[in-house]
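The values are calculated or read from the model by the stated rules, or taken from the named source; none is laboratory data. Since the structure is predicted, the reported quantities are computational estimates derived from the model, not experimental observations. Cβ: placed from backbone, ideal geometry, glycine included. Neighbour counts: every protein chain shown.
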Ligand SMILES: NC(=O)c1ccc[n+]([C@@H]2O[C@H](COP(=O)([O-])OP(=O)(O)OC[C@H]3O[C@@H](n4cnc5c(N)ncnc54)[C@H](OP(=O)(O)O)[C@@H]3O)[C@@H](O)[C@H]2O)c1
């Protein structure tokens, strides 16, 4: 099968399209023919050799944390899916989505939203579940609360804005000027242009501050958090953890690591098929142009998600 792989860390140029062995499903695994995968911040960090040493000693590596595709075969003990079904998933730490086939444990899969094509569906799993688990899980978002989403135009942020509205919150989105129209169209009640204003110095207070940018400074966020508010981070910063520990108040700080859960994918699919949630897709690149996709994503200023179409034409 064809796959995008890198044999050493570096810039986008290290990723090559290569012929690799097609995987065989083990017990409780399904073999998925991949239609598309989407880019996440972790793909860039992984290629650069940054972050968790998940690839250490495991090169060459196939990137891609999100997939959507069609089940081609089921391994022994698979009871939840049958060949031919359209599914989507967060692959987990070993990534592997930028390939024509991938084997995944059945518990990681969800049925792809029926109302989306598979290219669009591939933009949902990691970003959607990150926002879902941070806001509905950790922050226990409730109707009537004021939610601030930092990094609202990114992959995670664009889902966070919509999940905030679905929960009945007043949502303020921090983004750049050229992203405002899309973010208001997702339902945001107000926006803050991060190039001109500092949310923590506006004199406003939020019940929940959700950091979908990965830069939350809790000491700063406190100025904008209500007395019993919670700041939920997508990246752990020791200074923020320390600030929360050294000066305990009613204000809480929490960092969430996204889990790969079939039942969360099922909820996201229901919300999408009900017309309440939609992926915001900036651009789709074919697998052959994976280097260009990485470079485009790394420029920043993206509106939503960048998708890599693995199988063209669509399955
Ligand atoms: N904990 C976990 O398990 C987990 C899972 C998934 C993702 N994450 C993390 O979540 C974060 C978001 O991921 P993503 O895939 O949504 O990334 P993304 O698509 O690149 O989105 C990040 C967004 O944050 C904005 N941004 C960057 N710096 C900012 C700043 N200083 N202030 C305000 N906004 C800023 C970016 O805007 P511009 O591009 O316009 O600068 C972009 O819109 C990343 O840090 C990622 O590592 C964590």
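Residue 299 - would you say it is over 16 Å from the mean Cα position of the chain (by Cα), touching a residue at least 24 places away in the same chain (Cβ under 8 Å), outside the structural domain of residue 137 (by TED's automatic domain parsing) and within 28 Å of residue 11 (Cα to Cα)?
On the way: over 16 Å from the mean Cα position of the chain (by Cα): yes; touching a residue at least 24 places away in the same chain (Cβ under 8 Å): no; outside the structural domain of residue 137 (by TED's automatic domain parsing): yes; within 28 Å of residue 11 (Cα to Cα): yes.
The answer is no for residue 299.
Remark: residue 195 falls outside the filter, which requires a residue to be within 30 Å of residue 80 (Cβ to Cβ) and either within 13 Å of the ligand (Cβ to nearest atom) or assigned to a helix (DSSP H, G or I) (or both). Criterion applied to 14, 30, 54, 34 was being within 17 Å of residue 307 (Cβ to Cβ) and either in the same structural domain as residue 297 (by TED's automatic domain parsing) or modelled with pLDDT under 95 (or both), and the one residue passing it is 34.
How many of the residues making up the range 230-245 are in contact (Cβ under 8 Å) with a residue 24 or more places away in the chain and either more than 24 Å from the chain's Cα centre (by Cα) or within 11 Å of the ligand (Cβ to nearest atom) (or both)?
Final tally of qualifying residues: 5.
So, in the range 126-151, of the ones that are without any contact (Cβ under 8 Å) to a residue 40 or more places away in the chain and under 23 Å from residue 269 (Cβ atoms), which residue ends up nearest to the chain's Cα centre (by Cα)? By that ranking, first place goes to 136.
Pick from 248, 227: which is assigned to a strand (DSSP E or B) and more than 9 Å from the ligand (Cβ to nearest atom)? Explain how you work it out, then say what you get.
Details: 248 fails: assigned to a strand (DSSP E or B).
The conditions single out 227.
Can you find a residue in the range 263-284 that is away from the ligand (no atom under 14 Å from the Cβ) and either within 22 Å of residue 209 (Cβ to Cβ) or at pLDDT below 95 (or both)? There is at least one residue in the range 263-284 that is away from the ligand (no atom under 14 Å from the Cβ) and either within 22 Å of residue 209 (Cβ to Cβ) or at pLDDT below 95 (or both). Considered as a group, the residues in the range 198-210 that are assigned to a strand (DSSP E or B) and in contact with a helix residue (DSSP H, G or I) (Cβ under 8 Å, 6 or more places away or on another chain) include one that is nearest to residue 133 (Cα to Cα), and that residue is 210. Here residue 97 meets each of (1) in contact with a strand residue (DSSP E or B) (Cβ under 7 Å, 6 or more places away or on another chain); (2) surrounded by fewer than 16 Cβ atoms within 10 Å (Cβ to Cβ); (3) closer than 30 Å to residue 237 by Cβ with one exception, condition (2).
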